[in-house]
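This report concerns only the one structure given below.
The values are calculated or read from the model by the stated rules, or taken from the named source; none is laboratory data. Because the structure is a prediction, the values reported are computed rather than measured. A quick note on method: Cβ atoms are made from the backbone with ideal geometry, for glycine too, and the neighbour counts reach across all protein chains shown.
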Amino acid sequence: MQKAQFNDRVSIKYTGKLENGTPFQIITESDPLIITIGSHEVPPSLEQALVGMSIGEQKLVRLEPDEGYGIRRKDLLQTLNKESFGKKANLQIGTILSLSLEKDGQTHKIPATIVETNQNTIVVDYNHPLAGHNLFYDVTLIAIETAEPNSL
């Protein structure tokens with residue numbers, strides 16, 4: 001029976017869930033994720049779990065925060081004045097804003113989630129929404145395309 005190895009191109013389906021069972025991403029068999037094992041297209045722990053799997057095999061993979069989207073960092077919270085957004089802005093908790101930040105002389109659009117509102121200010125969080133969470137992937141291997149021996 002063929003088993004997935006490093007450098008193989010594989011098709012997978014999975015459901016990514018939080019610890020409380022809430023799904024955050026669903027990849028179906030009709031639109032699978034196709035990756036090359038070892039190319040760092042998915043978190044390393046998930047990639048490693050694929051090694052040795054057979055077609056049709058299912059596995060539950062747990063990723064700690066530092067293996068997924070990182071730990072939540074308090075330095076990625078910022079307090080901003082509401083007046084800088086204008087009176088018509090929808091500044092409610094949970095709203096995701098696209099804010100401009102300058103780094104190395106270039107302006108970048110960065111998503112930030114409003115996590116607190118006060119009379120004159122809001123607090124935005126630049127952490128990824130999945131940062132700080134244990135992530136669970138219920139993954140099934142659909143297909144394996146074996147790497148060519150000369151491509152190693």
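Given the conditions (1) outside any loop (DSSP other than H, G, I, E, B); (2) touching a residue at least 12 places away in the same chain (Cβ under 8 Å); (3) exposed (fewer than 12 other Cβ atoms within 10 Å of the Cβ); (4) not charged (D, E, K, R), and given that G94 satisfies all but one, which numbered condition is not satisfied?
For G94, the failing item is (1).
Can you pull out every residue in segment 51-75 that is of a type outside the set (G, A, S), outside any loop (DSSP other than H, G, I, E, B) and out of contact with any helix residue (DSSP H, G or I) (no Cβ under 7 Å at 6 or more places or on another chain)?
Matches in segment 51-75: Q58, L60, R62, P65, D66, K74, D75.
Could you check, for segment 67-81, whether at least one of its residues is at pLDDT below 95, over 30 Å from N7 (Cα atoms) and aromatic (F, W, Y)?
Scanning segment 67-81 turns up no residue that is at pLDDT below 95, over 30 Å from N7 (Cα atoms) and aromatic (F, W, Y).
I'd like to know if segment 44-65 contains one or more residues that are surrounded by 15 or more Cβ atoms within 10 Å (Cβ to Cβ), at pLDDT 95 or above and more than 30 Å from A147 (Cβ to Cβ).
Looking for residues that are surrounded by 15 or more Cβ atoms within 10 Å (Cβ to Cβ), at pLDDT 95 or above and more than 30 Å from A147 (Cβ to Cβ), one finds at least one in segment 44-65, hence yes.
State the number of residues belonging to segment 34-80 that are touching a residue at least 60 places away in the same chain (Cβ under 8 Å) and of a type in the set (K, R).
Total satisfying the criteria: 3.
Could you list, in sequence order, the residues of segment 1-33 that are β-branched (V, I, T) and either touching a Lys or Arg at 6+ places or on another chain (Cβ under 8 Å) or touching a residue at least 60 places away in the same chain (Cβ under 8 Å) (or both)?
Those that are β-branched (V, I, T) and either touching a Lys or Arg at 6+ places or on another chain (Cβ under 8 Å) or touching a residue at least 60 places away in the same chain (Cβ under 8 Å) (or both): V10, I12, T15, I27, T28.
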